[in-house]
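One structure is given below, encoded as C-alpha cells.
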Amino acid sequence: MSAGDAVRISMSQELAEKIRWHGEETYPHECCGALLGRDRSREGGEERPREILELYPLVNRREDSPQNRFSVAPQDVIDADRAAEARGLDVVGWYHSHPDHPARPSEYDRTHAWPWYSYIIVSVAKGAAGEMTSWRLEDDRAGYAEERIEVRSEAKART
Amino acid sequence: MAVKVLIPPPLRPHAGGQAAAEFAAKNVEEALGQLTSEFAGLKRHLFTEEGRLRSFVNVYVNGEDIRYLAQEKTPTKDGDTINIIPSIAGGAPENGAKGSRAARVGMTDQAV
C-alpha cells in the first residue's frame with residue numbers, strides 16, 4: 001500500500017471482547033484465530049474500513065513454546081477459508097495474543113507475516129487482556145502500517 | 001477442463017483480484033510457472049530468489065500436501081485443484097527482546 005493510506009479496520013464491541021476473552025482463556029499461552037470479514041475499502045471511490053464480521057478461533061499448534069509463539073496448521077487455514085466462504089466472507093486476517101508483552105509485532109511476527117492480511121495483537125498482562133492493536137505488513141516486508149481499530153459501539157469505545 | 005489454482009486473499013491483489021485461475025499443466029511446477037508468468041507480481045511472494053518455493057507457502061493438490069507427494073513434480077490432471085495456503089505464525093518477542101525494529105516506535109517500557 002502506498003504511504004499516506006490510512007488503513008482502518010472495524011468490528012463490533014462483542015467481537016473485540018471475544019478476542020480479549022480468548023487471550024485471557026489461553027493465558028499464559030498465546031491464543032490465535034482467523035478474522036472473517038469483507039474488504040470493500042477500495043470499492044466505489046468511498047474510503048471504508050475493512051470489516052471483521054466473525055471470528056474463527058483456532059487452537060495454537062505450537063506445543064513446544066506456546067507462551068511466545070503461535071502457529072496455525074495448514075488444515076486450519078483451509079477450514080477458516082471454507083468457513084468464510086460459506087458465509088460469503090473472506091479471511092481478512094488473523095489475531096493472536098502476546099502474554100505479558102505489549103501489543104506490538106515482534107521481529108518473529110514480521111518475518112512470518114503476509115502482506116494484505118490484518119494482524120490483530122492483544123496484550124494479556126498477568127492474565128488480564130489490555131491493549132489491542134492491528135497491523136498490516138507492507139508489501140516490501142520491511143515494516144508494518146498500524147491499522148486503526150474502530151469498534152462499532154456507542155459506549156466504551158476502543159482502548 | 002484444466003487444473004484449477006486457488007489463490008489466497010493476500011495474493012489476489014497481485015493476481016488481478018482473482019480467487020482462482022485455470023491452466024493446462026501436467027504437474028505443480030508447470031501450473032505455478034504459468035500462474036507466475038501470467039501474474040509476475042506473484043513470483044516474489046511464492047518463490048525465493050533461487051526459484052524455490054518459499055517455506056511459508058504450503059501447496060496442496062486435491063487436499064494433500066505436496067511435501068508428502070512428489071513436491072513440485074507432483075503430477076496434476078484435468079479437474080485437479082491446487083491450493084496455495086499461506087503459513088500463518090507469529091508470537092511475542094523472546095524474553096528480554098523488544099519488538100521488531102519496524103514496530104519499536106511508540107513502545108513503552110515493559111516488565112518482562
Just one of A:HIS22, A:HIS29 is more than 10 Å from chain B (Cβ to nearest Cβ) and either touching a Gly at 6+ places or on another chain (Cβ under 9 Å) or among the small types (Gly, Ala, Ser) (or both); which is it?
A:HIS22
Would it be correct to say that A:ASP139 is modelled with pLDDT under 95 and part of a loop (DSSP other than H, G, I, E, B)?
yes
Of the residues that make up segment B:80-88, is at least one part of a loop (DSSP other than H, G, I, E, B), farther than 24 Å from A:ARG62 by Cβ and among the acidic types (Asp, Glu)?
yes
For segment B:66-80, indicate whether the set of residues that are of a type in the set (Asp, Glu) and crowded, with 18+ Cβ neighbours inside 10 Å is non-empty.
yes
If you take the residues in segment B:19-34 that are among the small types (Gly, Ala, Ser), out of contact with any Lys or Arg (no Cβ under 8 Å at 6 or more places or on another chain) and in contact (Cβ under 8 Å) with a residue 12 or more places away in the chain, which one is surrounded by the most Cβ atoms within 10 Å (Cβ to Cβ)?
B:ALA31
Heads up, the strands (runs of 3 or more DSSP E) in segment A:1-120 (entirely inside) with at least 1 residues that are over 19 Å from B:GLY90 (Cβ atoms), modelled with pLDDT of 95 or more and of a type in the set (Gly, Ala, Ser) are A:8-12, A:32-38
For segment A:75-128, enumerate the residues that are within 16 Å of the chain's Cα centre (by Cα), under 26 Å from B:HIS14 (Cβ atoms) and of a type in the set (Lys, Arg).
A:ARG110
Please identify the pairs in which a residue from segment B:35-46 that is at pLDDT 95 or above has its Cβ atom under 8 Å from the Cβ atom of a residue that is not aliphatic (A, V, I, L, M), counting only partners at least 6 apart or on another chain.
B:LEU35/B:PHE23; B:THR36/B:LYS43; B:THR36/B:PHE47; B:PHE39/B:HIS14; B:PHE39/B:GLY16
Can you name the residue in segment A:142-159 that is farther than 22 Å from A:PRO115 by Cβ and part of a loop (DSSP other than H, G, I, E, B) and is also modelled with the highest pLDDT among such residues?
A:SER153
Residue match in segment B:18-29 (condition: part of a helix (DSSP H, G or I) and over 21 Å from A:TRP114 (Cα atoms))
yes
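The values are calculated or read from the model by the stated rules, or taken from the named source; none is laboratory data. These figures come from a predicted structure and were not determined experimentally. Every residue, glycine among them, receives a Cβ derived from its backbone with ideal geometry; neighbour counts consider all protein chains shown.
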